[in-house]
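So the structure is just underneath, and the comments pick up after that.
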Amino acid sequence: MIEDGIATDVDLASVARRIGVSDRHLRRIFAAEFGVAPIQYAQTHRLLLAKRLLTDTPLPVVDVAFASGFSSVRRMNALFAQRYGFSPTRLRKEGGKHDAAVDEHALSFILPYRPPYDFPRLLAFFGMRAMPGVECVDEAAYRRVVRVASNPATIGWLEVSQVPQRHALQLRFSATLAAASQELLSLTRQAFDVGADPQEIAAVLGALAQGAEGLRLPGAFDAFELALRAILGQQVSVKAARTLASRFVEAYGEPVATPFADLTRAFPLPSRVAALRRDEIARLGIVGQRADAMIALACAMLAGTLVLGPACEAEETIESLRRIRGIGPWTAHYIAMRALAWPDAWPPQDVALLGALQLPNTTQGQRAADAMAEAWRPWRSYAVLHAWRKLETVERAKEQR
């Protein structure tokens, strides 16, 4: 929450309430894990980001302060003086011109993870679902067009690759998005599940995770985009859903210019989708009921009756999603799993999941799956991914016979 800017002012009482512990206990376990108090951790995090923006970008100092999570320039100046003994402006002056090795058109950050980390499998997952124009995936990197949530008119690109020798991912994004650095770092950590502890998860999942402990939960850079794609994917194959999503983006996405030939469009905003008519969406080959659900979801987000993001309560969000006609329990759980990065989603009536668990697609089979999954809490989302993985392995083996 601190790194994502959700707990910008580090109000420990409210953070503790959200987590479900007392603020005293929160301080104790935080110190045990990181060796410092939460406020010190937050200050260090902001200072490091501010230093990077001061040395690698031409952002005005006031913009650097807010982009780094400080409530004011005065607060940033005071903390610089306290920690380093000089002012932010001095750091910029002494840095002079950008280092020749620095790409003036892009910023680069390193995001460490706990190994093992199955980056190729995560790339493959994104690659199967990548929308031409918005995303592109090759064997080494994931790239996409992104909007800044705080300023949707600001659009740029980002790229995520792996640095295995450092047990880290490398995030690069266009320098025009420098003011949104904290937001993009947060989105990337969520989308690529950088904060997971694979050993802890594998210990709970047991045999289900054996041999694939590095599997991660694929998140989303755009929760609205993910939710619409989940609706498009109802009762169709991944390939068919991708085709429909591509048509939708081509028809209603916003053209953008990037250095990458494969990145040419931004996914449409909720306001654009809310203004569409059912027949306009249906002419793309999208079933009318799903078109209605897409429009209703966009309207709900505009009205504020539906909020999607990592700060949301998963159970409440699932109920809000299910109130939208055309969104059932499976779709609501899938959206929560990926858009909210909820680690304990359990999509019901998932034929592939039941098949992987060798259970019948019946009420009794679902009950048996639910009972089995109790042992996998609070990591049922990972259990779902492992079950899908096992089913894919079986299907590939059949194809090779």
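The values are calculated or read from the model by the stated rules, or taken from the named source; none is laboratory data. Model, not experiment: these values are computed from the prediction. Reconstructed Cβ throughout: ideal geometry from the backbone, glycine too, with neighbour counts over all protein chains shown. In case anyone asks, the SASA skips ligands and DNA or RNA and just uses the protein heavy atoms, side chains included. Shrake-Rupley method; radii C 1.70, N 1.55, O 1.52, S 1.80 Å.
Does any residue in the range 65-90 that is over 18 Å from Ser181 (Cβ atoms) come within less than 6 Å, Cβ to Cβ, of a residue that is open to solvent by 50 Å² or more (accessible area, probe 1.4 Å) six or more places away or on a different chain, and which pairs are these?
Ser87/Asn77
On the given criteria, is Ser271 within 22 Å of the chain's Cα centre (by Cα) and of a type in the set (Ser, Thr, Tyr)?
It is true that Ser271 is within 22 Å of the chain's Cα centre (by Cα) and of a type in the set (Ser, Thr, Tyr).
Look through the range 46-65, keep the residues that are surrounded by fewer than 17 Cβ atoms within 10 Å (Cβ to Cβ) and part of a helix (DSSP H, G or I), and return whichever of them is modelled with the lowest pLDDT.
Result: Thr55.
For the range 271-292, enumerate the residues that are in contact with a Phe, Trp or Tyr (Cβ under 8 Å, 6 or more places away or on another chain) and either among the polar types (S, T, N, Q) or open to solvent by 30 Å² or more (accessible area, probe 1.4 Å) (or both).
Arg272
Kindly provide the set of residues from the range 234-260 that are without any contact (Cβ under 8 Å) to a residue 40 or more places away in the chain, assigned to a loop (DSSP other than H, G, I, E, B) and more than 22 Å from Thr154 (Cβ to Cβ), ordered by number.
Those that are without any contact (Cβ under 8 Å) to a residue 40 or more places away in the chain, assigned to a loop (DSSP other than H, G, I, E, B) and more than 22 Å from Thr154 (Cβ to Cβ): Gln235, Val236, Ser237.
Before we move on, is Leu228 in a loop (DSSP other than H, G, I, E, B) and surrounded by 22 or more Cβ atoms within 10 Å (Cβ to Cβ)?
Here the answer is no, as Leu228 does not meet what is asked.
Which of the residues spanning the range 192-225 are surrounded by 15 or more Cβ atoms within 10 Å (Cβ to Cβ), among the acidic types (Asp, Glu) and within 22 Å of Lys390 (Cα to Cα)?
Asp193, Glu213 - these are the residues of the range 192-225 that are surrounded by 15 or more Cβ atoms within 10 Å (Cβ to Cβ), among the acidic types (Asp, Glu) and within 22 Å of Lys390 (Cα to Cα).
When the residues of the range 329-355 are filtered to those that are assigned to a helix (DSSP H, G or I) and not hydrophobic (A, V, I, L, M, F, W, C), which remaining residue is farthest from the chain's Cα centre (by Cα)?
Selected residue: Gly355.
Restricting the first residue to the range 263-279 and requiring it to be over 13 Å from Leu228 (Cα atoms), which pairs with a second residue that is part of a helix (DSSP H, G or I) and small (Gly, Ala, Ser) meet a Cβ separation below 6 Å and a spacing of at least six or different chains?
Arg278/Gly288; Arg278/Ala291
Inside the range 1-20, can you point out the residues that are part of a loop (DSSP other than H, G, I, E, B) and farther than 24 Å from Asp193 by Cα?
Asp9, Asp11
Within the range 10-34, which residues are surrounded by fewer than 12 Cβ atoms within 10 Å (Cβ to Cβ) and in contact with a Pro (Cβ under 8 Å, 6 or more places away or on another chain)?
If the condition is that a residue be surrounded by fewer than 12 Cβ atoms within 10 Å (Cβ to Cβ) and in contact with a Pro (Cβ under 8 Å, 6 or more places away or on another chain), then no residue fits.
Taking Val256, is it of a type in the set (A, V, I, L, M), modelled with pLDDT under 95 and open to solvent by 20 Å² or more (accessible area, probe 1.4 Å)?
So Val256 fails the test.
For the range 340-376, give me each residue that is at pLDDT 95 or above and of a type in the set (Gly, Ala, Ser).
Once the filter is applied, which keeps residues that are at pLDDT 95 or above and of a type in the set (Gly, Ala, Ser), the range 340-376 yields Ala345, Gly365, Ala368, Ala369, Ala371, Ala373, Ala375.
When the residues of the range 314-355 are narrowed to those that are out of contact with any helix residue (DSSP H, G or I) (no Cβ under 6 Å at 6 or more places or on another chain) and among the hydrophobic types (A, V, I, L, M, F, W, C), which ends up least open to solvent (accessible area, probe 1.4 Å)?
Here the answer is Trp330.
Taking the residues in the range 148-160 that are under 16 Å from the mean Cα position of the chain (by Cα) and at pLDDT 95 or above as candidates, determine which candidate is nearest to Arg389 (Cα to Cα).
Among those residues, the one meeting the criterion is Val160.
Among Leu169, Leu185, which is outside any helix (DSSP H, G or I), of a type outside the set (Lys, Arg) and crowded, with 18+ Cβ neighbours inside 10 Å?
The conditions single out Leu169.
Looking only at the range 130-143, count how many residues are within 15 Å of the chain's Cα centre (by Cα) and open to solvent by 10 Å² or more (accessible area, probe 1.4 Å).
Qualifying residue count, the range 130-143: 2.
Restricting the search to the range 356-367, which residues are open to solvent by 40 Å² or more (accessible area, probe 1.4 Å) and either in contact (Cβ under 8 Å) with a residue 60 or more places away in the chain or assigned to a helix (DSSP H, G or I) (or both)?
Result: Thr363, Gln364, Arg367.
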